[in-house]
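S.K.: Handing you a structure now.
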């Protein structure tokens, strides 16, 4: 409050300022969450792509499971 008074700002301005700061933090958090989810989706897509290539190379499902971390069911759905 002292800094607001020094700047000639009132309590109402402070309230709007605080609301803007909260809003920006929420937006940044949502963006961060979106990036994390996007990375996860990209990693899953990459695992599936690799598994498809390994299937084409006639590797065993067991070996593909080890290489990609995908389950037997997930791999069987790719072919």
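FYI, it's all coordinate maths here, none of it is from the lab. Not measured: the values here are computed from a predicted model. Neighbour counts are summed over all protein chains in view; Cβ atoms, including those assigned to glycine, are modelled from backbone coordinates with ideal geometry.
S.K.: Residue 30 versus residue 65, label points 7 Å from Cα toward the beta carbon: distance in nm?
M.R.: 4.1 nm
S.K.: Next up: Within 10 Å of each residue's Cβ, count the other Cβ atoms and sort 50, 64 from fewest upward.
M.R.: Values: 50 14, 64 23.
Least crowded to most crowded, the residues run 50, 64.
S.K.: Separate question: When you count, for each residue, the other Cβ atoms within 10 Å and take the mean per peptide, how do 22-33, 38-49 rank with the highest first?
M.R.: On the way: 22-33: 10.0, 38-49: 11.8.
Packing proxy ranking, top to bottom: 38-49, 22-33.
S.K.: I would also like to ask the following. Tell me, in nm to one decimal, what length is gained between residue 45 and residue 16 on full extension, where the rule is 0.36 nm per residue of separation less the Cα-Cα distance?
M.R.: Here the answer is 6.1 nm.
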